[in-house]
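Read through the structure below, which is laid out as structure tokens, and then see the notes.
The values are calculated or read from the model by the stated rules, or taken from the named source; none is laboratory data. Given the structure is predicted, the values throughout are model-derived calculations rather than measurements. Reconstructed Cβ throughout: ideal geometry from the backbone, glycine too, with neighbour counts over all protein chains shown. What goes into the accessible areas is simple: the full protein's heavy atoms, side chains included, and nothing from ligands, DNA or RNA. Shrake-Rupley method; radii C 1.70, N 1.55, O 1.52, S 1.80 Å.
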Amino acid sequence: MSNMHIEETVRHSLEGYLRDLGESEPDGMYNMVVNVVEKPLLEIVMRHADNNQSKAAQWLGLNRNTLRKKLLEHKLIT
């Protein structure tokens, strides 16, 4: 799967979201999209890294402490 395919999928989903709102105006879309994408990204990467936070942080290009903070925010670890 190419980056272009992921980008096109996101674009399509956002168009559908805005269309489904009808006359309503969106509120807080940026944070909504970041949270909706970030959680499954973290779940998948952690699973493929065998829950190794150091490895997952490296794959994501994040500091391990930043990854841990995000995992806690999304309640993926306790």
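Within the accessible area of the chain, what % is carbon and sulfur when the probe is 1.4 Å and the other protein chains stay in place?
52 percent
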[x] 1.06; [y] 0.97; [z] 0.92, with the label sought being that of the calculated Rg/Rh (Cα atoms, Kirkwood Rh): [x]
Among the aspartates and glutamates, which have Cα under 20 Å from the Cα of residue 70 when same-chain residues fewer than 8 positions away are ignored? 38, 43, 50
Residue-wise, which Karplus ³J(HN,Hα) couplings in Hz belong to the range 44-49, taking 6.51 cos²θ - 1.76 cosθ + 1.60, θ = phi - 60°, and x for glycine or proline? 5, 5, 4, 5, 6, 8
Rounded to the nearest 10 degrees, what's the angle between the helix 64-73 long axis and the longest principal axis of the chain, both from Cα atoms, 0 to 90? 50 degrees
Working with all protein chains in place, sort 6, 77 by solvent-accessible area computed with a 1.4 Å probe, largest first. 6, 77
Selection from 17, 35, 48 lying farthest towards where the dipole of the chain points positive, charges on Cβ: 48
Treat every Asp and Glu Cβ in the chain as -1 and every Lys and Arg Cβ as +1, leave all other atoms uncharged, and give the resulting dipole magnitude about the Cα centre to the nearest 20 debye. 660 debye
If you line up the long axis of helix 3-21 against the longest principal axis of the chain, both from Cα atoms, how many degrees apart are they, to the nearest 10? 50 degrees
Accessible surface, the chain, averaged per residue in Å² (probe 1.4 Å): 80 Å²
Per the rule of 0.36 nm per residue minus the C-alpha distance, extending residue 19 to residue 75 adds in nm 17.1 nm
